[in-house]
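Structure record follows, encoded as structure tokens.
The values are calculated or read from the model by the stated rules, or taken from the named source; none is laboratory data. Quick caveat: nothing in here was measured; it's all calculated off a predicted structure. Note that each Cβ is placed from the backbone with ideal geometry, even for glycine, and that neighbours are counted across all protein chains shown.
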Amino acid sequence: MRSFIIRRLLLGVLVLFGAVLLTFVLTRAIPSNPAAMWVGPRATIQQIKAARVELGLDKPLYVQFVKYVGNLLKGNLGNSLRSHQPVAKELKSALPATMELVFLSTIFAVFIGIPLGLISATRKDQWVDHLSRIFSVGAVSFPTFWVGLFLQLIFYRMLGVLPLGDQLSTNVKLLYTIPHITGFLTIDSLITGNWVVFKDAVTHLILPGITIGLYPIGLVARMTRSALLEILGEDYITAARSYGLPERMISWSYALKNSLGPTATVVTLSIGYTLVNSFLVEAIFSWPGIGSYIASAVVCLDYPAIIGVTIFSACAYIFLNLVADIIIALDPRVRV
Amino acid sequence: MKTNILSAKAITPRIREFKLSLFLLNRNKLTRLALIIVLLLVVIAVVAPLVVPYPTHIDRDNNPQAKLLPPSSHYFFGTDELGRDIFSRVVFGTRISLETAVLAIALSLLIGIPLGAIAGFMGGFVDDFIMRITDIFLSFPSLLLAIAISAFMGPSLKNAMLAIAISWWPWYARLIRGQAISMRERQFVKAARAIGTPPLKIIFGHIVPNCIAPVIVQASMDLGGVILTLASLSFLGLGAQSPTPEWGLMISTSRNYFLDAWWYSFFPGVAIFITVLAFNLLGDGLRETLDPKTRKL
């Protein structure tokens, strides 16, 4: 078990190195001119040349790569070409907003997705199953950004009960001091007992939360259903039935427990999807997270910012894959 | 003559298998519906420019005096901010989405199949090397990699397609590698090797044709996901550029107007949803009927 985790960790490091190399190749393969971007549109040729030296772009590629990796190891992702601020700092301040969405959607996936899959599997081919299958296949077929727009249209424009976007209303931002402890707005305002801010933050969280939660719910429900169906056909389930155990007990404690491996895996992986889906959702709800950050970076080709987000997300994804593999390995049946 | 009879004999069980699959596919109502929708979409994509009411609204003409009109008998889906008929544009968008998605998948198959087959057949160092490369590509969420690649290549429909292909091929390489490994020990491959067939000829003449079926199934299942990815890229401004009537781009442009003109974003979104849903349902059906474990006779 331990040797498996160590081997898996080493592989993770190797893959991470490869990912860094790949992003580096990407930035150098582009037909654009970062130095010109750095000094702005009115710069002279001399200034651009000076900027090339300043950014180290005149050095051979391998020197640039070594320097780049060295910086990465120190947690330095370079400076944004637009704001000239360190990308790592900007990412750090944008991250909690995104994590709030990711947490919420994971909660949805676990507490709605899994029961939905379970109900579906235990009532296979009944109308509940059909309904939940249509819902879950529909949930993964909707364009996320379109769902967001329509929730805005219904709840903001037509019903007028929920805000259009952003994390807080403008008047709340102006009139109240916004607490900064963990960076998570809902948690911070809850800790400090700042109810007005808390309520405002929660109402702003509802629409983006639902939008981004839809896909993981569908994905997890589908996966749980198919994993359970396979297990419900096993001999020990038939045995449990023949002992006369109540159906509820069989499905919840026998079958569900045994399907937890694949289900946990898909939940972990859906966190990765959610992270990327947040790029689209944040763009719609003007949510000040890393999604809005990369979307605006893409528009003006701020490559250190794009690479920063890419490397960060790849790290998160590699880590989540590692967790998923370890969860699978915890199952004594697959232990080698 | 003799070889003909032999090959006919060899092919009969496959035809029977194919007919059986078709029968099973057809028996599931949802799958049949999905199949019909997919076929319909293909027909629409082919004939699109001939049947739309305002073919010039697709990418040439503006019609500013009729801007942002709600759906009516003249404009079934209403008009956009330049007075173009949204119905014509959504219908034509079918062609763009399907064409680009099919090309992207074809391209990733073109990269993935040879690499996967070589890795599986050769084994050893070559296998390790190729598989570590796929691991690296798979360590990025595919949409993120596609975003990064198309951001760096410059936004256009062609680059979005390339970006998708570059981020999807590792899945096919993995799939076909697994198949190729099981093929490697089969008698006919050993026989081919024994009579001195060169490795590349074995790979492309014997291995690939015999393990391509599951890959094709997987690829057709992936079409929905690719269409969605393409729309997402266009929505972020990284795919199709104006005035191309691409669904994701239309929704992106509609963001400035949709609070007062719901039809503008509604219909392109429904088009994406129906297309992706049809491919996903078809994929589910294919998987259930072709997988002997879940197949019910």
field: Residue ID - surrounded by the fewest Cβ atoms within 10 Å (Cβ to Cβ), chosen from residues in segment A:285-306 that are at negative phi and at the interface with another protein chain (Cβ under 9 Å from one of its Cβ atoms)
entry: A:299
statement: Only one of (1) assigned to a helix (DSSP H, G or I); (2) among the acidic types (Asp, Glu); (3) touching a Pro at 6+ places or on another chain (Cβ under 6 Å) does not apply to residue B:17, and that is (3)
message: So, residue A:104, is that one surrounded by 17 or more Cβ atoms within 10 Å (Cβ to Cβ) and in contact with an Asp or Glu (Cβ under 9 Å, 6 or more places away or on another chain) or not?
response: no
query: Is there a residue in segment A:158-169 that is part of a helix (DSSP H, G or I) and either under 23 Å from residue A:264 (Cα atoms) or over 24 Å from the mean Cα position of the chain (by Cα) (or both)?
result: yes
task: State all residues of segment A:269-311 that are modelled with pLDDT of 85 or more, farther than 30 Å from residue A:222 by Cβ and not in a helix (DSSP H, G or I); if no residue qualifies, say none.
output: A:286, A:288
query: When segment B:20-57 is examined, which residues are found to be in contact (Cβ under 8 Å) with a residue 60 or more places away in the chain, touching a Ser or Thr at 6+ places or on another chain (Cβ under 9 Å) and in a helix (DSSP H, G or I)?
result: B:21, B:24, B:25, B:31, B:37, B:38, B:41
Options B:205, B:239, B:178: the member that is more than 30 Å from residue A:12 (Cα to Cα) and touching a residue at least 24 places away in the same chain (Cβ under 8 Å): B:239
message: Here is a check on your reading of the model: is residue B:216 under 26 Å from residue B:52 (Cα atoms) and out of contact with any Leu (no Cβ under 6 Å at 6 or more places or on another chain)?
response: no
query: Which condition breaks for residue A:282 when tested against (1) within 14 Å of the chain's Cα centre (by Cα); (2) away from chain B (no Cβ under 14 Å)?
result: (2)
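Each row is one residue, and each column tells you yes or no for (1) part of a loop (DSSP other than H, G, I, E, B); (2) under 19 Å from the mean Cα position of the chain (by Cα).
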{"site": "B:74", "(1), (2)": "yes, no"}
{"site": "B:83", "(1), (2)": "yes, no"}
{"site": "B:88", "(1), (2)": "no, no"}
{"site": "B:96", "(1), (2)": "no, yes"}
{"site": "B:99", "(1), (2)": "no, yes"}
{"site": "B:103", "(1), (2)": "no, yes"}
{"site": "B:117", "(1), (2)": "no, no"}
query: Based on what the data block shows, is residue A:245 free of Cβ contacts under 8 Å to residues at least 12 places away in the same chain and not in a helix (DSSP H, G or I)?
result: yes
message: What are the pairs with Cβ atoms under 7 angstrom where one residue, in segment A:171-198, is within 20 Å of residue A:101 (Cα to Cα) and free of Cβ contacts under 8 Å to residues at least 60 places away in the same chain and the other, located anywhere, is charged (D, E, K, R) and crowded, with 18+ Cβ neighbours inside 10 Å? Sequence gap at least six, or different chains.
response: A:179/A:188; A:180/A:188; A:181/A:188
- prompt: In this structure, does residue A:328 turn out to be in a helix (DSSP H, G or I), touching a residue at least 60 places away in the same chain (Cβ under 8 Å) and of a type in the set (Val, Ile, Thr)?
  reply: yes
field: Those residues of segment B:23-40 which are among the polar types (S, T, N, Q) and within 24 Å of residue B:101 (Cα to Cα), in sequence order
entry: B:31
- prompt: Of the residues A:278, A:270, A:292, which is within 18 Å of residue A:325 (Cα to Cα) and touching a helix residue (DSSP H, G or I) at 6+ places or on another chain (Cβ under 6 Å)?
  reply: A:270
- request: Identify all residues within segment A:96-133 that are outside any helix (DSSP H, G or I) and in contact (Cβ under 8 Å) with a residue 40 or more places away in the chain; write none if there are none.
  value: A:124
task: Name the one entry in A:205, A:219, A:190, A:245 that is within 30 Å of residue A:311 (Cα to Cα) and either more than 14 Å from chain B (Cβ to nearest Cβ) or in contact with a Pro (Cβ under 7 Å, 6 or more places away or on another chain) (or both).
output: A:205
field: Identity of the residue in segment A:1-40, more than 13 Å from every other protein chain (Cβ to nearest Cβ), surrounded by 12 or more Cβ atoms within 10 Å (Cβ to Cβ) and modelled with pLDDT of 75 or more, that ends up nearest to residue A:299 (Cα to Cα)
entry: A:9
message: Quick check on my filter: what residues within segment B:119-141 are buried (at least 22 other Cβ atoms within 10 Å of the Cβ), touching a residue at least 60 places away in the same chain (Cβ under 8 Å) and either aliphatic (A, V, I, L, M) or over 19 Å from residue B:216 (Cα atoms) (or both)?
response: B:119, B:121
- line: Of the conditions (1) at pLDDT 85 or above; (2) under 18 Å from the mean Cα position of the chain (by Cα), the single one that residue A:236 does not satisfy is (2)
query: So which helices (runs of 4 or more DSSP H) are wholly in segment B:174-263 and hold at least 3 residues that are within 11 Å of another protein chain (Cβ to nearest Cβ) and modelled with pLDDT of 90 or more?
result: B:208-235, B:247-254
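Results for (1) assigned to a helix (DSSP H, G or I); (2) modelled with pLDDT of 85 or more, shown as yes or no for each residue.
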| position | (1), (2) |
| --- | --- |
| A:172 | yes, no |
| A:180 | no, no |
| A:190 | yes, no |
| A:193 | no, no |
| A:210 | yes, yes |
| A:215 | yes, yes |
| A:221 | yes, yes |
- request: Determine which single condition residue A:164 fails, assuming it passes every other condition in (1) over 23 Å from residue A:272 (Cβ atoms); (2) away from chain B (no Cβ under 14 Å).
  value: (2)
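Got a sec? Which of A:49, A:59, A:92 is surrounded by 13 or more Cβ atoms within 10 Å (Cβ to Cβ), modelled with pLDDT of 85 or more and either over 29 Å from the mean Cα position of the chain (by Cα) or among the basic types (Lys, Arg) (or both)?
The match here is A:92.
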